[in-house]
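Colleague: Please find one structure pasted underneath; my questions will follow.
The values are calculated or read from the model by the stated rules, or taken from the named source; none is laboratory data. Predicted model, so just to flag it, every value in this text is computed and none were measured. Because the Cβ atoms are built from the backbone with ideal geometry, glycine has one as well, and the counts that use them run over all protein chains shown.
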Amino acid sequence: MNRRDLLTCVLPDKSRPGASMGPEFYTNAVLHTHENKPVRFYDDLIKGKLTLINFIYTGCMKSCPRSTGNLAKAQKLLGDRVGRDIFMYSITLKPEEDDPETLRDYARSHGARPGWLFLTGNEYDLTTIRFKLARWDHPMLDFDLDQHTGMVRIINDTLNQWTMCPTHAAPQQIVDAVSWVEPTKPFAVRLRENYKTQARIDRETRDAKARGAWRA
Amino acid sequence: MPKPTRRKRNDTASQSGDGVSRRTALKLGAAAGTLTVLTSKKGFSLPMFADTVPPEPTVCSPQPTHSPETTPFVQALPIPPTLRPFKLNPAPTKSANLAAGEAPRADHQRWEEFLPQQTYDMTLKPALHTFHPDMPPTYVWAYNGIYPGPTIINQYGIPVVVRFHNQLPVDHTGFGSNTHTTHLHNGHTASESDGFAGDFWGPGFFKDHHYPNIYAGFDTFPGGGDPREAMRTFWYHDHRHSFTATNNYRGLNGMFLLYDNVDTGFETGGDHNALHLPGQYGLYDIPLNFTDKKFCPDGQMFATAPDAVPAGDKFIVNGAIQPFFQVARRKYRFRMLNSGPARIWTFTMSDGRPFTLIATDGNLLEHPVQIPSLELHVSSRYDVILDFSGNQIGDSVYLLNIAPQFVNNAPEPLPDPNVDVTKAVMRFDVVSDAADHSVVPDTLCQYPDLNLNEVVTTRIWNFDLVNGQFKINGLIFDPDRPDATVKQGTAETWIIRNKLPASGWTHPVHIHLEEGRILSRNGAPPPPEESGRRDVYPIRPGEEVHIFLRFREWFGKYMIHCHNLGHEDNFMLVRWDVGTQTSLVTSPVDSAGNPNPGAQPNPNPPVLSELFTRKGELA
């Protein structure tokens, strides 16, 4: 055990949000980014952050290209928040095939921008993390890697809130799902949003009636 | 005569929104650490917490192997109180009253035609609830602060408005969402009052739901609707997209009953149509809201993850773990509801007596069915008659669950309840005699004819799992995208298929707005207990069920979805709309990438007898 391990095990971590499940749940396994930088899963990637986490492997030709493409679009929609207060992680399901260099090429070919890490590590750690984040409680599905390529897990560690979204959903749906785990906005802000939503509903209803889709 | 048991509960003064001055509210808000919002410019103040808000507990870690020990059958079955009408201020309006704090919504359809004659007030808020005297109070979210929520009792022909206030904590952490939408399952209501999963709204606001309480087919049957279309046992529950399991597990549900001149709720009186089934509510007409939960050692609810709830090891009826219910030697009507999250209950009685099933999903059957065991799927309702007149005072009869829950695809240990009654769901204790004026006739009602010539389209819904994504017809649910449009006033045949036989999952498929009739299950006619109208259709692995549906009275967006709360949170839903045209939708390919026939125009609508012998041909 090195000195850092010892400290994180023993000392109370004041920077850790009170609601968080902490490294006891998420583990502090050391993963490697596509830039070949070692990172601790909880301390460096999860703690106090809003994160989108999905599972891929670079050789996955069936569903992953569309997933990664959609996430790239979602990254664009989220704009400069990614890398600032929102972080995206794609974790490999096949660490034996996906070393940091392979992941770097994969990230480049999909136009991933800063704030989005592609991660690999040892198989034991990655399976543990996958079972923590995306467990089916169903052996047929839990041990079928292809049943883990379709969902993006969205975590707000500060509020200890989770949700998920299919990676094949419209990119805007992924962005919407991110907002579901964000802190509740001030009342006045939400009141203003209500007026905007109402205007949209009224417009849609008017259009439906004009089209003859509803009888007036 | 057994007295209905009233639960001990928190002060419900805020239910009527009275007695809290703004200053008190500010003080209370500050004391409780809640966000108090000043909107003096708009000239209204928000409803405030009138009682202290319990702090949110943190979920225990690691996962407890089992809930705390509790002694079975030491607490009486609680009967949820009924919700009293309440004059709303400001009065409900056709258009959303945003200035007063109402959440956005479309205008109420046919508002002037069904002006509310009664109004109700409901507040969603945190509270403490005692599930068992052996456990400390548990933090719950509940309608009006009581779990299960108050029972709303209405009459057909009397339109009402229920105002839902969201006072869930703004600083919420952990499982569940403080945004919410209430679905009345399965009200024949307009879309804007249906609690559509995508129409959720946050704390501090309210929303009016308009329940016209009309019979389906109101427009086509002269004289105010067809009483043969009556549906009577409903439940209301949170339907917030992706948080339905966690919000319901936290406690956001309750029951809603509709009476009319046929099913009056009384055993005597009424006109010549009155059935005189066992009544009244709370005496001999008893709601049984079944759920299962797992608790931490500190008595708080355990959640497997911040967005997932576990298979519970505590059987809970009306908010009490393994209660007893004192009965007299006479007939009772029990309205059984499975409020989720995922368990499929199979009920039997310990003395082997059959249940007399009189209604499925709130719809009276044409004839009562004697059935030794009842499989109750999530969100389904069964009205059953149990007659204790053959018992002696001092007898006890147990309600048993004989279906194991599957965890990791293996059945959880479930001791033989015939050997170990401590595992029973609840116990009936026969304690007294009582007069019984109730009648359960051999014919309860007569359904309107099922005319398959009305069918304009046959639509196929393939429920599937691909790469860990639940898809229906190869599509992922998007609340902003209708995947089918049905024409108001027409009928369709819907074919529902469970395409993942190896998963072992039964999908309890629920269709909003209308009750349907099962035409066939796997090509065979439905068994007697499935012969009535329903709104939840359990589709077992590999099965195919054909359903006849009409779409009447209302326009807008509705859903068909799996009612396993975890599955619907994982996007196993479809939005379909009611419009003035039939769309022949849906996805061009199915989930396996093969061409999807989807909806097909039906130039020669099949007749009932043909359907039964044409398994697979429609595909």
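Colleague: Starting from region A:44-61, keep only residues that are within 29 Å of A:ALA19 (Cβ to Cβ), then list their pairs with residues that are at pLDDT 95 or above and of a type in the set (Lys, Arg) whose Cβ atoms are within a distance under 6 Å, requiring at least 6 positions of separation or different chains.
Modeller: That search, which allows pairs on different chains as well, returns A:ILE53/A:ARG153.
Colleague: Please enumerate the residues belonging to region B:117-131 that are part of a loop (DSSP other than H, G, I, E, B) and either buried (at least 22 other Cβ atoms within 10 Å of the Cβ) or modelled with pLDDT under 95 (or both).
Modeller: Within region B:117-131, the subset part of a loop (DSSP other than H, G, I, E, B) is B:117, B:130-131.
Listed by number, the list holds a single entry, B:PHE131.
Yes/no matrix, rows are residues, columns are (1) free of Cβ contacts under 8 Å to residues at least 40 places away in the same chain; (2) closer than 20 Å to A:ASP44 by Cα:
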{"residue": "A:GLU123", "(1), (2)": "yes, yes"}
{"residue": "A:ARG130", "(1), (2)": "no, yes"}
{"residue": "A:ASP137", "(1), (2)": "yes, no"}
{"residue": "A:ASP146", "(1), (2)": "no, no"}
{"residue": "A:THR158", "(1), (2)": "no, yes"}
{"residue": "A:ILE174", "(1), (2)": "no, no"}
{"residue": "A:LYS185", "(1), (2)": "yes, no"}
{"residue": "A:ARG190", "(1), (2)": "yes, no"}
{"residue": "A:ASP202", "(1), (2)": "yes, no"}
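Colleague: Ok, one more. B:SER503: at pLDDT 95 or above and of a type in the set (Ser, Thr, Tyr), yes or no?
Modeller: It is false that B:SER503 is at pLDDT 95 or above and of a type in the set (Ser, Thr, Tyr).
Colleague: Separate question: Scan region B:256-306 residue by residue and report those that are among the acidic types (Asp, Glu), over 20 Å from B:HIS437 (Cβ atoms) and in contact with a Lys or Arg (Cβ under 6 Å, 6 or more places away or on another chain).
Modeller: Selection gives B:ASP292 alone.
Colleague: Identify the single condition in (1) touching a residue at least 24 places away in the same chain (Cβ under 8 Å); (2) more than 24 Å from A:ILE86 (Cα to Cα); (3) not acidic (Asp, Glu) that A:ALA208 does not satisfy, given that it satisfies every other one.
Modeller: (1)
Quick grid of which residues meet (1) among the hydrophobic types (A, V, I, L, M, F, W, C); (2) modelled with pLDDT under 95:
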site: B:LYS557; (1), (2): no, no
site: B:GLY579; (1), (2): no, yes
site: B:VAL589; (1), (2): yes, yes
site: B:GLY593; (1), (2): no, yes
site: B:PRO603; (1), (2): no, yes
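Colleague: It is to be established whether one or more residues within region B:239-256 are among the hydrophobic types (A, V, I, L, M, F, W, C) and over 25 Å from B:LEU288 (Cβ atoms).
Modeller: Yes, some residue in region B:239-256 is among the hydrophobic types (A, V, I, L, M, F, W, C) and over 25 Å from B:LEU288 (Cβ atoms).
Colleague: Run B:ASP480 past the list (1) closer than 17 Å to B:HIS561 by Cα; (2) modelled with pLDDT of 95 or more and report the number of the one that doesn't hold.
Modeller: Failed condition: (2).
Colleague: Can you report the number of residues in region B:248-270 which are of a type in the set (A, V, I, L, M, F, W, C), part of a loop (DSSP other than H, G, I, E, B) and closer than 29 Å to B:VAL140 by Cβ?
Modeller: Residues flagged as of a type in the set (A, V, I, L, M, F, W, C), part of a loop (DSSP other than H, G, I, E, B) and closer than 29 Å to B:VAL140 by Cβ within region B:248-270 amount to 1.
Colleague: If you don't mind, there's one more thing I want to ask. Just a yes or no: is a residue in region A:144-159 surrounded by 19 or more Cβ atoms within 10 Å (Cβ to Cβ), outside any helix (DSSP H, G or I), of a type in the set (Gly, Ala, Ser) and at the interface with chain B (Cβ under 7 Å from one of its Cβ atoms)?
Modeller: Yes, because at least one residue in region A:144-159 is surrounded by 19 or more Cβ atoms within 10 Å (Cβ to Cβ), outside any helix (DSSP H, G or I), of a type in the set (Gly, Ala, Ser) and at the interface with chain B (Cβ under 7 Å from one of its Cβ atoms).
Colleague: So which residues in region A:160-174 are more than 7 Å from chain B (Cβ to nearest Cβ) and either among the charged types (D, E, K, R) or in a loop (DSSP other than H, G, I, E, B) (or both), if there are any at all?
Modeller: A:THR167
Colleague: Which one is nearest to the chain's Cα centre (by Cα) among residues in region A:116-143 that are assigned to a helix (DSSP H, G or I) and among the aliphatic types (A, V, I, L, M)?
Modeller: Going through the qualifying residues, I end up with A:LEU133.
Colleague: Taking B:ASP134 as meeting all but one of (1) under 24 Å from the mean Cα position of the chain (by Cα); (2) surrounded by fewer than 18 Cβ atoms within 10 Å (Cβ to Cβ), write down the number of the exception.
Modeller: The single condition B:ASP134 does not satisfy is (1).
Colleague: How many of the residues in region B:48-89 are modelled with pLDDT under 55 and more than 20 Å from B:ARG250 (Cβ to Cβ)?
Modeller: 2
Colleague: Could you tell me whether region B:347-364 includes any residue that is more than 28 Å from B:ASN248 (Cα to Cα), modelled with pLDDT of 95 or more and of a type in the set (Gly, Ala, Ser)?
Modeller: The answer is no; no qualifying residue exists.
Colleague: Related question: Could you tell me whether any residue of region A:99-107 is closer than 29 Å to B:VAL309 by Cβ and away from every other protein chain (no Cβ under 14 Å)?
Modeller: Initial filter on region A:99-107 (closer than 29 Å to B:VAL309 by Cβ): none.
No, the conditions are met nowhere in region A:99-107.
Colleague: Test B:LYS87 against the criterion of being over 21 Å from B:MET301 (Cβ atoms) and away from chain A (no Cβ under 14 Å), and give yes or no.
Modeller: Considered against the rule, which asks whether it is over 21 Å from B:MET301 (Cβ atoms) and away from chain A (no Cβ under 14 Å), B:LYS87 comes out as yes.
Colleague: Within region A:175-186, identify whether any single residue is charged (D, E, K, R), crowded, with 22+ Cβ neighbours inside 10 Å, more than 9 Å from chain B (Cβ to nearest Cβ) and under 17 Å from the mean Cα position of the chain (by Cα), and answer yes or no.
Modeller: No, region A:175-186 contains no residue that is charged (D, E, K, R), crowded, with 22+ Cβ neighbours inside 10 Å, more than 9 Å from chain B (Cβ to nearest Cβ) and under 17 Å from the mean Cα position of the chain (by Cα).
Colleague: Would you pick out the residues in region A:187-199 that are more than 8 Å from chain B (Cβ to nearest Cβ) and either over 15 Å from B:SER95 (Cβ atoms) or under 30 Å from the mean Cα position of the chain (by Cα) (or both)?
Modeller: A:VAL189, A:ARG192, A:GLU193, A:LYS196
Colleague: Do you know which of the residues in region B:331-344 that are among the hydrophobic types (A, V, I, L, M, F, W, C) and at pLDDT below 95 is surrounded by the fewest Cβ atoms within 10 Å (Cβ to Cβ)? Write out each step before concluding.
Modeller: From region B:331-344, those among the hydrophobic types (A, V, I, L, M, F, W, C) are B:334, B:336-337, B:342, B:344; that's our starting set.
This time we only want the ones that are at pLDDT below 95, so: B:342, B:344.
Numbers: B:ALA342: 22, B:ILE344: 19.
Among them, the one singled out is B:ILE344.
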